[in-house]
Every structure is written in structure tokens, then in C-alpha cells.
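Before any comments, here is the structure.
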């Protein structure tokens with residue numbers, strides 16, 4: 001039986017009743033995930049230049065000084081690296097340079113706050129991860145919109161014969177672009193990504209384990225997919241957002257909605273791919289057949305603390321600005 005809130009859906013609900021399932025394994029690269037979205041362009045020269053400068057500014061922040069474990073027990077190197085970055089910033093420059101510097105500074109501020117929270121607790125709280133990721137996304141020229149109350153719910157009326165089904169997202173991301181002039185285009189009305197933030201429940205290591213090179217950097221994706229309630233809820237969130245925005249797709253037989261799941265400092269990027277005919281059948285409460293199958297593709301987790309993984313995230317989140325419908 002379907003619940004009227006996607007937060008209560010289970011895996012059987014969307015796999016058996018709605019014929020939506022997660023792909024059997026993660027795709028190897030973020031580019032493979034994003035390319036499931038039609039009409040997503042490559043980075044422009046300006047975007048490449050911007051991303052390179054952001055990476056350069058942040059190069060001193062890496063896992064050798066700033067994992068969640070090291071922030072808890074040995075924050076000194078991290079704080080020293082932040083001070084070194086701050087000292088190199090000034091308020092001079094062209095408008096696009098100032099936009100970049102301020103965006104990087106905001107991310108560093110939230111990263112510092114994240115470090116403080118980690119030192120005072122054994123877990124990263126959702127609000128802390130939300131603030132950190134918002135700053136990161138805005139540094140990648142995306143506009144983040146936080147859901148505050150029930151008024152921000154997405155509603156699908158008359159869903160499969162029910163009066164309505166609701167979904168309350170943690171975040172929506174919109175295309176904003178590099179703001180270099182006063183006439184820069186405002187954010188798009190179409191949500192580029194649907195974001196679910198979950199409370200991090202990482203294994204906590206003692207101080208003696210911090211420098212152990214065998215300390216696990218990524219959890220097994222198969223185990224995460226099996227156990228995570230967030231992934232079940234995320235499927236419903238993607239579906240409701242796709243239905244809400246389907247009118248923005250012009251003559252597209254295949255519809256897509258991108259998403260992300262944030263787990264502490266780790267980011268999974270997802271894409272729901274569904275035939276328009278399948279979505280229309282759900283909307284009209286028609287019986288589904290064997291041809292009606294939708295898939296959610298997803299990446300392995302990328303950690304915005306590690307410089308190599310952060311660089312990949314910067315490029316690919318920036319690339320979300322280039323989706324055209």
C-alpha cells in the first residue's frame with residue numbers, strides 16, 4: 001500500500017508498484033551519470049578557467065589534514081591551512097574574480113564550522129552538512145534553495161488513485177552561472193538537482209588510527225544501497241520533481257531528473273531516467289506493462305574533503321549549469 005508521503009515509501013513500493021529501480025551498480029565516472037541527462041553541454045573556456053582557479057585556492061585542504069576524524073582530534077594543521085588561504089585573499093580584482101573569492105571564502109567558513117561541529121560531536125549533523133554543501137554548490141555557480149516548511153512540499157495530486165502524495169526535499173539546486181556582469185541571467189526556474197541530506201553515521205576512529213593508511217576511505221556501495229533509507233526516499237523525491245517539471249521538457253520521449261545524496265562530506269550524484277509514456281501512465285493511474293521500467297543511475301561517493309575527488313565534483317557540478325531542455 002502506498003503512503004501519502006514518499007518519506008514512508010519502501011523499496012518494494014517503487015520497484016514493484018511503480019517499476020522504478022536503482023541500477024545494479026554505480027557508474028564508473030560522474031560524467032557517465034550526467035550524460036544520462038540529454039542536452040548537457042561540456043564546460044566552456046570561462047567555466048574551465050573558473051574551476052581551475054577554485055581548485056588552486058583550495059589545494060592546501062586535503063585528506064592529509066582534514067578528514068572528519070582528523071578534524072576531531074588534530075585540527076591544528078587544518079586551521080593553519082585556512083589561515084594561509086585567507087591571508088592570500090584581498091578585495092581587489094574584476095567582478096568575476098571577486099565573485100570567485102567570496103564564494104571560496106564562504107565555503108572555507110562553512111568548512112571551518114563543520115570542523116568545529118565534528119570536534120564537539122561524534123557525528124556530522126544534517127544541518128551542518130547542509131550548510132557546507134550549499135556553500136560548495138554555490139562555489140560551483142549553482143543557486144541552492146533550502147526547504148524550510150510544509151509550504152515547500154512538492155505535491156502530486158490524484159497519484160495512483162490517491163488524493164495526493166507529498167515530498168519535502170532538503171535542497172533544490174538551480175542553474176545560476178558565473179556572475180560576471182550586472183545583467184547576468186538569474187537562476188533558472190527548473191530545478192537542476194534534488195538533494196537529500198542524511199545524518200552521517202560514519203565509523204569513528206580513535207586518535208591512534210588516524211594515520212593508518214588502511215583506514216577505509218569509502219564504504220562499499222552495495223552495502224550502502226541496501227541499508228540506506230535515504231535512497232528509498234530519494235527515489236520518490238526524484239519522481240515527484242520530475243512530474244512537477246515535465247512540462248518543461250519539449251517533445252522528449254525520455255525524461256530525466258538529476259539528484260544528489262549528501263552523507264557528511266560525501267556526495268552521490270543520481271539521475272532518474274524514465275519514459276514519458278511511463279510517467280503519463282502513473283499520472284493517469286493506468287496499468288503498467290513490461291516496457292514501463294525506469295532506472296536511477298548513481299555515482300560512487302565523492303568526498304569534498306579530498307582534493308582529487310573535490311576537483312571532480314567541482315567540474316561536474318559546474319557542468320550542471322549547462323543543461324538545456
> For the range 301-325, how many residues meet the condition of being farther than 21 Å from residue 107 by Cβ and touching a helix residue (DSSP H, G or I) at 6+ places or on another chain (Cβ under 6 Å)?
Replying inline: 1
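Filter the range 291-321 down to the residues that are touching a residue at least 60 places away in the same chain (Cβ under 8 Å) and closer than 22 Å to residue 253 by Cβ and list them by number.
The first filter runs over the range 291-321 and keeps only residues touching a residue at least 60 places away in the same chain (Cβ under 8 Å), leaving 292-307, 310-321.
Once the filter is applied, which keeps residues that are touching a residue at least 60 places away in the same chain (Cβ under 8 Å) and closer than 22 Å to residue 253 by Cβ, the range 291-321 yields 292, 293, 294, 295, 296, 297.
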> Restricting the range 152-178 to residues that are surrounded by fewer than 17 Cβ atoms within 10 Å (Cβ to Cβ) and within 22 Å of the chain's Cα centre (by Cα), which is modelled with the lowest pLDDT?
Replying inline: 152
> Just checking, how many residues over the range 27-41 are under 22 Å from residue 249 (Cβ atoms) and touching a strand residue (DSSP E or B) at 6+ places or on another chain (Cβ under 6 Å)?
Replying inline: 5
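Look through the range 1-26, keep the residues that are touching a strand residue (DSSP E or B) at 6+ places or on another chain (Cβ under 6 Å) and not in a helix (DSSP H, G or I), and return whichever of them is modelled with the highest pLDDT.
Once the filter is applied, the top-ranked residue is 20.
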> Looking only at the range 60-83, which residues are in contact (Cβ under 8 Å) with a residue 60 or more places away in the chain, under 21 Å from residue 105 (Cβ atoms) and not in a helix (DSSP H, G or I)?
Replying inline: 61, 62
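For the structure I just gave you, tell me whether residue 31 is touching a residue at least 12 places away in the same chain (Cβ under 8 Å), assigned to a helix (DSSP H, G or I) and either in contact with a helix residue (DSSP H, G or I) (Cβ under 6 Å, 6 or more places away or on another chain) or surrounded by 14 or more Cβ atoms within 10 Å (Cβ to Cβ) (or both). Let's see the steps before the verdict.
On the way: touching a residue at least 12 places away in the same chain (Cβ under 8 Å): yes; assigned to a helix (DSSP H, G or I): yes; either in contact with a helix residue (DSSP H, G or I) (Cβ under 6 Å, 6 or more places away or on another chain) or surrounded by 14 or more Cβ atoms within 10 Å (Cβ to Cβ) (or both): yes.
Yes: the conditions hold for residue 31.
Could you grab me the full set of residues in the range 235-255 that are touching a residue at least 60 places away in the same chain (Cβ under 8 Å) and within 17 Å of residue 154 (Cβ to Cβ)? Before the answer, list the steps.
Initially, the range 235-255 is screened for residues touching a residue at least 60 places away in the same chain (Cβ under 8 Å), giving 235-237, 239-241, 243-244, 248-250, 252, 254.
Correct list: 235, 236, 237, 239, 240, 241, 243, 244, 248, 249.
From the list 144, 129, which residue is closer than 19 Å to residue 234 by Cβ and surrounded by fewer than 23 Cβ atoms within 10 Å (Cβ to Cβ)? If you could, list the steps in order and put the result at the bottom.
On the way: 129 fails: surrounded by fewer than 23 Cβ atoms within 10 Å (Cβ to Cβ).
From the options 144, 129, the qualifying one is 144.
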> So, of the residues in the range 34-47 that are part of a loop (DSSP other than H, G, I, E, B) and surrounded by fewer than 16 Cβ atoms within 10 Å (Cβ to Cβ), which turns out to be nearest to the chain's Cα centre (by Cα)?
Replying inline: 35
> Assuming residue 98 fulfils every condition listed in (1) modelled with pLDDT of 90 or more; (2) under 18 Å from residue 176 (Cα atoms) apart from one, which condition is it?
Replying inline: (1)
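Inside the range 221-314, counting only helices (runs of 4 or more DSSP H) that do not spill past its ends, which hold 3 or more residues that are at negative phi and surrounded by 20 or more Cβ atoms within 10 Å (Cβ to Cβ)? Before the answer, list the steps.
Working: elements: 221-227, 229-245, 276-283.
Correct list: 229-245.
The values are calculated or read from the model by the stated rules, or taken from the named source; none is laboratory data. Please read these numbers as outputs of a predicted model, since none were measured by experiment. Neighbour counts run over all protein chains shown; Cβ positions are idealised from the backbone, glycine included.
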